[in-house]
Amino acid sequence: MLVKRQEGFIKAGFIFISLVYWLAVPILARDVFRGRMLTERAPIEPPAVEILIEVDSWTSPDEIVQFNEVMTSSGVEAFLNLFKSTKKGVVRFLYARGYNLTIHMAQVQLGEDGKRKVILVFRREPWSQGTQLGTGRYYFMVMELKLNEKGKGEGRFYEDAQIQFDVTNGRVSLETYGISPKMIPLVQEVRKK
């Protein structure tokens, strides 16, 4: 009886350690950025909110080609279904009324000057309880971060954006937008993969 009980504890311990490992490894593998975004809603909302960007994986050039192929061969509805099913991370708005936005595309693009540009693409949806999205012309929201070699920089959050694919280089980029972007004057990379 005592031996079976010890075996049960050993099995339970092994399962617990395995579960912690499988849950912790993806968290540790994230690229994490912190920022402070101006809301342009004071005094009703806070004038600035902290944001936490957690990228689990990056969109590859092959994925960009696949997105483009689905768009050209099957149409907008098939493309949007594929887009919504792809999850690359999350942006968290760290205040009482903020929501989390799922990142559906994420890329790091190196500039000629050695600086990095991070492009995050989301489905167009409210990001705060008080957000009123008007009838926008576009399906997406885009966050662009410009970072120096130390991982510091600034960004912009476009709430009504159109994206464009460069299949030759396997990149996604902001084509145009309908609403002035929210400014993110302070961004800092917290952790790398």
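The values are calculated or read from the model by the stated rules, or taken from the named source; none is laboratory data. If you're wondering where the values come from, they're calculated on a predicted model, not measured in any experiment. Quick reminder, even Gly has a Cβ in these numbers, built from the backbone with ideal geometry, and neighbours come from all protein chains shown.
Among the candidates 117, 87, the residue that is in a loop (DSSP other than H, G, I, E, B) and either more than 26 Å from residue 31 (Cα to Cα) or modelled with pLDDT of 90 or more (or both) is uniquely 87. Among residues of region 75-103 being of a type in the set (Phe, Trp, Tyr) and under 14 Å from the mean Cα position of the chain (by Cα), the one that is farthest from residue 127 (Cα to Cα) is 83. Take the conditions surrounded by 14 or more Cβ atoms within 10 Å (Cβ to Cβ) and within 12 Å of residue 54 (Cα to Cα) and apply them to residue 90. Does it pass? Criteria met by residue 90. Taking region 122-174 as the range and being hydroxyl-bearing (Ser, Thr, Tyr), at pLDDT below 90 and not in a strand (DSSP E or B) as the test, the residues that pass are 131, 135, 138, 139.
Can you pull out every residue in region 175-193 that is more than 23 Å from residue 47 (Cα to Cα) and in a strand (DSSP E or B)? Result: 175, 176, 190, 191.
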